[in-house]
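As structure tokens, the structure follows; a few thoughts come after it.
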Amino acid sequence: MTALAAHGAAFARLAAHFGPGAPVVLCHDDADGLSAGALLARALMRAGHSETRVRIIGRGESPWSAALRDELAAQTPGGLVVADLGVQAEPILPGVPTVLVDHHVPRSWPEADAATVISGHADAPIPTSSLLALACATALGPADDLAWLAGIGLVGDLGERNASSDFPEIMGPLRKSYTVKALREAVSLVNAPRRTASGDARAALLLLLRASGPAEIVTGTAPAAESLREARSEVKAALDAARRIPPLFAGPVALIRCDSPCQIHPLVAQSWTGRLRRQVVIGANASFRTGFVHFAARSASEPDLITFLQDRAPPLGPDDQFAQGHRRATGGQVRVETWNRFVTDLGFGPEARAP
């Protein structure tokens, strides 16, 4: 049995023990998380859980927060499926069967009675959460027609080239059925709403729950499809302005301040890695959420950005999230005072600090 098949079988065993209440799928708001959430929800509905609900975890939210625990408790779910939101020890809703489907480096590991973990972080190559979700869906029943959702997550997280080289068995057939251009365009549109000033990704999720392929996202005439195109235009305008900002340098780090209500800091960081190939590039945004600096780190040469940041971490407070994500694509969200300590310790001057 392959690693992906084993992950799927573990999911099917847990799903068989869901209670009578409707399952709830929690998912991240990027292309991989939304595709994973839609894939899992569609598979569960096909398997008989017709009232399955999907809840996007958006800007500043956490599935482990007390507020979300209260919200979920009021719904009395029969099971929880948590996709692309990380792994940590604390139970999300005690007493409810829970499965965490994720590919990030775990922050901590839950006890068996708290959650079952479907994690790909130790696999080689590392699958996206949407690819893990496809394995879970396949274990519940026929899911070949949903593979394009995993393709969107793969291209969204890995890029088309890496996705095709790492997972040719998935991407090969998708390239023939839908074309790379359609998948790339769909990824761009699905990712757009979360990056706008509002950060509302519900239109993207709605399309992923209903569409039969990427064409309905790229050329669809439904209001949700038009909403995605408007969101992309908003983000493009903010990104075009941010790309004109010159980087600051301190040792091995290049820093680009891209203060905007739009979530463009990861795009800005990535856009500079081709020109600054020896540096770790950090895009930082102090206007994304009041009182915090959100930042993204990317590099063409540093293979483990999580370790790179952890070795330079400032003292962290309870509201700080630092060096989370992937080894090659990480970042965080920290209070202004934490950020200012961080950049000062790196060697930057006052121009790098947030007000």
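The values are calculated or read from the model by the stated rules, or taken from the named source; none is laboratory data. These figures come from a predicted structure and were not determined experimentally. Neighbour counts run over all protein chains shown; Cβ positions are idealised from the backbone, glycine included. Ligands, DNA and RNA are excluded from the accessible area calculation, which covers all protein heavy atoms including side chains. Shrake-Rupley method; radii C 1.70, N 1.55, O 1.52, S 1.80 Å.
Please state which one of ALA225, ALA269, ALA231, ALA238 is aliphatic (A, V, I, L, M), part of a helix (DSSP H, G or I), under 24 Å from ASP200 (Cβ atoms) and in contact with a strand residue (DSSP E or B) (Cβ under 7 Å, 6 or more places away or on another chain). Let's see the steps before the verdict.
On the way: ALA225 fails: in contact with a strand residue (DSSP E or B) (Cβ under 7 Å, 6 or more places away or on another chain); ALA231 fails: in contact with a strand residue (DSSP E or B) (Cβ under 7 Å, 6 or more places away or on another chain); ALA238 fails: in contact with a strand residue (DSSP E or B) (Cβ under 7 Å, 6 or more places away or on another chain).
Testing whether each residue is aliphatic (A, V, I, L, M), part of a helix (DSSP H, G or I), under 24 Å from ASP200 (Cβ atoms) and in contact with a strand residue (DSSP E or B) (Cβ under 7 Å, 6 or more places away or on another chain) leaves just ALA269.
Across the stretch 312-320, not a single residue is classified as over 20 Å from the mean Cα position of the chain (by Cα) and not in a loop (DSSP other than H, G, I, E, B).
The residue list LEU146, LEU174, LEU209, LEU154 contains one member that is under 18 Å from the mean Cα position of the chain (by Cα) and surrounded by 20 or more Cβ atoms within 10 Å (Cβ to Cβ), which is LEU154. Restricting attention to the stretch 177-194 and to residues that are among the hydroxyl-bearing types (Ser, Thr, Tyr) and part of a helix (DSSP H, G or I), the residue that is most open to solvent (accessible area, probe 1.4 Å) turns out to be SER177.
Across the stretch 308-336, which residue is surrounded by the most Cβ atoms within 10 Å (Cβ to Cβ) among those that are among the small types (Gly, Ala, Ser) and touching a residue at least 60 places away in the same chain (Cβ under 8 Å)? It would help to see each step written out before you state the result.
Here is the first cut: in the stretch 308-336, the ones among the small types (Gly, Ala, Ser) are 313, 317, 323, 325, 329, 331-332.
Narrowing the set further to residues that are touching a residue at least 60 places away in the same chain (Cβ under 8 Å) leaves 325, 329, 331.
Details: GLY325: 19, ALA329: 17, GLY331: 26.
My answer is GLY331.
In the stretch 195-218, of all residues being without any contact (Cβ under 8 Å) to a residue 24 or more places away in the chain and assigned to a helix (DSSP H, G or I), the one that is nearest to LEU174 (Cα to Cα) corresponds to GLU216. Within the stretch 321-337, no residue satisfies the criterion of being under 14 Å from the mean Cα position of the chain (by Cα), of a type in the set (A, V, I, L, M, F, W, C) and not in a loop (DSSP other than H, G, I, E, B).
Condition check for SER260 on (1) among the small types (Gly, Ala, Ser); (2) more than 19 Å from ASP29 (Cβ to Cβ); (3) surrounded by 15 or more Cβ atoms within 10 Å (Cβ to Cβ); (4) more than 19 Å from the chain's Cα centre (by Cα): one failure, at (2). Taking the stretch 25-60 as the range and being closer than 15 Å to ARG194 by Cβ and without any contact (Cβ under 8 Å) to a residue 24 or more places away in the chain as the test, no residue passes.
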